[in-house]
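Student: Sending over a structure as structure tokens; questions will come in a sec.
Bear in mind these aren't lab numbers, they're just calculated from the coordinates by the rules spelled out. Here the structure is a predicted model, which is why all the values come from computation and not from measurement. Here the Cβ is made from the backbone with ideal geometry for all residues, glycine too, and neighbour counts use every protein chain on show.
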Amino acid sequence: MQKGRKILVEALKILKVPAEKEAIDRTVEFVEHFHLVNQNLNLSAHKNREAILVNLVIDSLTLLTVESFAKSQLDKAIDVGSGGGIPGIPLAIFRPATHFVLLESKSKKCLFLEEVIAKLNLSNVSVICARAEDAAREKSLRENFDTVLSKALAPLNVALEITIPFLKTGKSAFFYKGLRYFQELKDAEGALKILGCKARKIWEIDVPWTDRKNYLIEIEKCMPTPSHLPRKAGLPQKKPLS
Ligand SMILES: C[S@@+](CC[C@H](N)C(=O)[O-])C[C@H]1O[C@@H](n2cnc3c(N)ncnc32)[C@H](O)[C@@H]1O
């Protein structure tokens, strides 16, 4: 994966993210493990190593260029619907002082996450295998994170209901979105109001080695989440807040 290493180093230069050799080694190793199990577990439609590196890993790292993420003291972060560890694992490699919880409902994916965390020796990452709607009712998880992240979990109006309950009041969540971000934000106006949140900023970041941008929607939580939310598992998807 010599070529992959060069691609990663160049991407980090473009993003102006300083990186130690250990972080680069771990990231390359993560791509190897991801690639190995991807066929069986169907973690992603990106099947070759370089596509995984660029479209999943480097894509995840674009958040490191966002001032309100990069410059904030974040003790605890949660990646909801983490799948194969995207964006949580690449971010955890580059932010070792933050503890990342990867929340994922599929047990086979959770098993992969546990294995890869052990292989990479990542002491700042843990896995919770549960549905977000259920986990958000746990006292130890609710309103307990300094930031919440999610990529490709659900449309924003659905994702908000099942992620915002984890966030402390006054803090920001970040949603990785594509070109449809504007419509998603419009469709989420009702959910934002009910959840006591506001859109703080859309961060547009060029993804190195691609011709596309990431649209990172930063949502600020202004009030504690009403106690009846999220609704029981399945309902947020079936009947999004409006
Ligand atoms: C399309 S995948 C995206 C995975 C990863 N974030 C990525 O971008 O590659 C969505 C993931 O969210 C998980 N998921 C969906 N709904 C969930 C829920 N309510 N609670 C926890 N995980 C959920 C799925 O099992 C799946 O692994």
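Student: Normalised by the number of residues in the chain, what is the relative contact order in percent for Cα pairs under 8 Å and 6+ residues apart? Please list the in-between numbers first.
Tutor: Numbers: 442 pairs, mean separation 40.8, N = 242.
It comes to 17 percent, rounded to a whole number.
Student: Using the Kirkwood radius over C-alpha pairs as Rh, can you work out the diffusion coefficient of the range 61-238 via Stokes-Einstein at 10 °C, viscosity 1.306 mPa s, in µm² per second? Don't skip to the end; give the middle numbers.
Tutor: Details: Rh = 16.2 Å.
Estimated diffusion coefficient is 98 µm²/s.
Student: Hey, what angle do you get for helix 2-15 against the long axis of the chain, alpha-carbon based, 0 to 90 degrees rounded to 10?
Tutor: Value to nearest ten degrees: 50.
Student: Between residue 144 and residue 239, with labels modelled 7 Å along Cα→Cβ, what's the label distance in nm to one decimal, could you check?
Tutor: Here the answer is 2.9 nm between the modelled labels.
Student: Do any of 13/171; 139/201; 151/201; 47/109; 108/221; 106/221 go past 24 Å between their Cα atoms, and which? Mind dumping the intermediate values first?
Tutor: Details: 13/171 29 Å; 139/201 30 Å; 151/201 17 Å; 47/109 16 Å; 108/221 32 Å; 106/221 28 Å.
Result: 13/171; 139/201; 108/221; 106/221 exceed 24 Å.
Student: Moving to a separate point now. By how many nm would the segment from residue 179 to residue 45 grow when fully extended, if each residue of separation counts as 0.36 nm and the alpha-carbon distance is taken off? All intermediate terms of the calculation are to be shown ahead of the outcome.
Tutor: Numbers: separation 134, 0.36 × 134 = 48.24 nm, distance 1.86 nm.
That works out to 46.4 nm of additional length.
Student: Same structure again: Please give every one of the lysines within straight-line cross-link reach of residue 6, meaning a C-alpha to C-alpha distance under 16 Å, and leave out same-chain neighbours fewer than 8 residues apart.
Tutor: Excluding near neighbours in sequence, the set is 16, 21.
Student: Could I ask something else about it? For the chain, give the magnitude of the charge dipole about the Cα centre (Cβ charges: +1 Lys/Arg, -1 Asp/Glu; no others), in debye to the nearest 20. Before the final figure, lay out each step's value.
Tutor: Details: 37 positive and 28 negative charges, 90 e Å.
Dipole size: approximately 440 debye.
Student: When we measure straight from the Cα of residue 198, which aspartates and glutamates land under 19 angstrom away, once same-chain ones fewer than 8 places off are left out?
Tutor: Residue 198 reaches 67, 143, 146, 161, 184, 187, 189, 218, 220.
Student: While we're looking at this one, here's another question. Please give the Cα centre distance for the range 218-242 versus the range 180-203, rounded to the nearest Å.
Tutor: 12 Å
Student: Tally Lys/Arg at +1 and Asp/Glu at -1 over every other residue whose Cβ is under 10 Å from the Cβ of residue 225; what's the total?
Tutor: Working: positive: 142, 221; negative: 143, 161.
It works out to a net charge of 0.
Student: Place a +1 charge on the Cβ of each Lys and Arg in the range 161-242 and a -1 charge on the Cβ of each Asp and Glu, then give the dipole magnitude about the Cα centre in debye, rounded to the nearest 20.
Tutor: 340 debye
Student: Also, quick follow-up: Please give the helix 21-41 orientation as an angle from the longest Cα principal axis of the chain, in degrees from 0 to 90, rounded to the nearest 10.
Tutor: 70 degrees
Student: Another one. Please compute the modelled spin-label separation between residue 152 and residue 124, points set 7 Å along Cα→Cβ, answer in nm with one decimal.
Tutor: 2.5 nm
Student: How much net charge surrounds residue 172 when only other residues with a Cβ under 13 Å from its Cβ are counted (Lys, Arg +1; Asp, Glu -1)? Write down the numbers at each step before the final one.
Tutor: On the way: positive: 71, 168, 171, 198, 200, 201, 221; negative: 67, 146, 218, 220.
Neighbourhood net charge equals +3.
Student: With just the Cα atoms of the range 147-242, tell me how far they stretch along each of the three principal axes, in Å, largest first.
Tutor: 43, 29, 19
Student: For a label point 7 angstrom out from the Cα of residue 209 toward its Cβ, which stretches of the range 55-93 have the backbone nitrogen within less than 18 Å?
Tutor: 55-65, 85-93
Student: While we're on this one: Can you list, by residue number, the Cys in the chain that have no neighbouring cysteine C-beta under 4.7 Å?
Tutor: Isolated Cys, the chain: 197, 222.
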